[in-house]
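A.B. asks: This is the structure, below, for whatever I ask next.
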Amino acid sequence: MKQFLRALRWALLILLVLAVGAVVVAWFIDFRQTDQDLADEFSGQRIQPTVHRYQIRDGDRQRTIRFMETPALAGDSALPVVLFVHGAPSSLSFFNAFFKDTALLNRAQLVSVDRPGYGYSDFGWVETSIVKQAKFLQPLIERYKKAPYLMIVGSSYGGSVTARLAMNNPNAVDHVVFVSSALGPGLERTYGISYLVDSPLLHWGIPPLLRLANDEKLSHRQALEAILPDWPKIKAGITMLHGKRDELVYPSNVTFAQHHLVNAQMRQFLLPENRHDIVINKREYISEILLDILTRSDVKETVSEQVVAAK
């Protein structure tokens, strides 16, 4: 018995040291790149993205939103637009690999954005309302709404914001790709430590990036309930990718979407071996799906033009 208690004490001590060490390390990691870091990363490419910012009012204050885009083509040669929205904790850099994909770069104008509070969009200034986050990203919809085709790709929490953007812009957003997306209220895991971290004693000692993600997590159910009546407003085509072994954002989110997307056509890809890791471990697979969607949009446009000409 004494040996068991001694081993248990050592195990708890080790866990405590690891937890404290993780928190200390997290203070120095924020998953974001400066503008110069991004310029250096893509400097050798033929098609290089550029970084921009815009400001939008939030009550009596201004919010700054940073985004990155590849070059647009003018006039009749205009490219479709693919806008990536990241989850938590993360930043626009989460999608860098897509900005190095030659096939995608040749086929679409790629855009990624730091969600409010992340990256260099007022880092640390959290916004837990999905409605307000979508409002802050609305200038991007305005910027690209005249593109021949507008697709939004939302990952994890980013899928929630993407859904709201599609609700607000049924005539501008042509397709939405939900990747491991949290869409249904309560259909995700919330660990007990999240509530502990939210206590006044610990909250401000937690690294900003983790605090942001935790604040969003604990407010997520209420934020999703706020947009629950508006799912029928989505008219865009829908593609869902979800890991069957996802224990963070449950696969039942796909079933939720099937029941609530009553005015949208939906395809789903349930990956049997994947957890909440699709963007990282299935990046090429996602690119193939995006290219397939863009190709299908071309076919529809061509058919439409032929019908008009026949008349």
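The values are calculated or read from the model by the stated rules, or taken from the named source; none is laboratory data. Note that this is a predicted model, so its numbers are computed, not measured. Cβ coordinates were reconstructed from backbone atoms using ideal geometry, including for glycine residues, and neighbour counts include every protein chain displayed.
A.B. asks: When residues of the stretch 20-43 are filtered for being among the small types (Gly, Ala, Ser) and at pLDDT 90 or above, how many remain?
C.D. replies: 2
A.B. asks: Related question: What's the number of the condition residue 135 fails, among (1) assigned to a helix (DSSP H, G or I); (2) of a type in the set (D, E, K, R); (3) out of contact with any strand residue (DSSP E or B) (no Cβ under 9 Å at 6 or more places or on another chain)?
C.D. replies: (3)
Condition check ((1) part of a strand (DSSP E or B); (2) farther than 27 Å from residue 284 by Cβ) across all residues:
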position	(1), (2)
68	yes, no
90	no, no
93	no, no
103	no, no
106	no, no
118	no, no
125	no, yes
151	yes, no
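A.B. asks: Only residues that are in contact with a helix residue (DSSP H, G or I) (Cβ under 8 Å, 6 or more places away or on another chain) and without any contact (Cβ under 8 Å) to a residue 40 or more places away in the chain: list them for the stretch 261-284, please.
C.D. replies: Passing the criteria: 261, 262, 263, 266, 268, 269, 270, 271, 274.
A.B. asks: When you scan the stretch 161-193, how many residues do you find that are surrounded by fewer than 24 Cβ atoms within 10 Å (Cβ to Cβ) and of a type in the set (Ser, Thr, Tyr)?
C.D. replies: 2
A.B. asks: To continue, here is another question. Any residue at all in the stretch 295-307 that's buried (at least 16 other Cβ atoms within 10 Å of the Cβ) and at pLDDT 95 or above?
C.D. replies: no
A.B. asks: Among the residues of the stretch 119-156, write down those that are in contact with a helix residue (DSSP H, G or I) (Cβ under 8 Å, 6 or more places away or on another chain), at pLDDT 95 or above, closer than 15 Å to residue 212 by Cβ and of a type in the set (Phe, Trp, Tyr).
C.D. replies: Within the stretch 119-156, 120 is the sole residue that qualifies.
A.B. asks: Let me ask something else about it. Restricting the stretch 204-259 to residues that are in a helix (DSSP H, G or I) and basic (Lys, Arg), which is modelled with the lowest pLDDT?
C.D. replies: 211
A.B. asks: What are the pairs with Cβ atoms under 9 angstrom where one residue, in the stretch 30-56, is part of a strand (DSSP E or B) and the other, located anywhere, is among the aromatic types (Phe, Trp, Tyr)? Sequence gap at least six, or different chains.
C.D. replies: Pairs found: 51/67; 51/120; 52/67; 53/67; 53/120; 54/67; 56/136.
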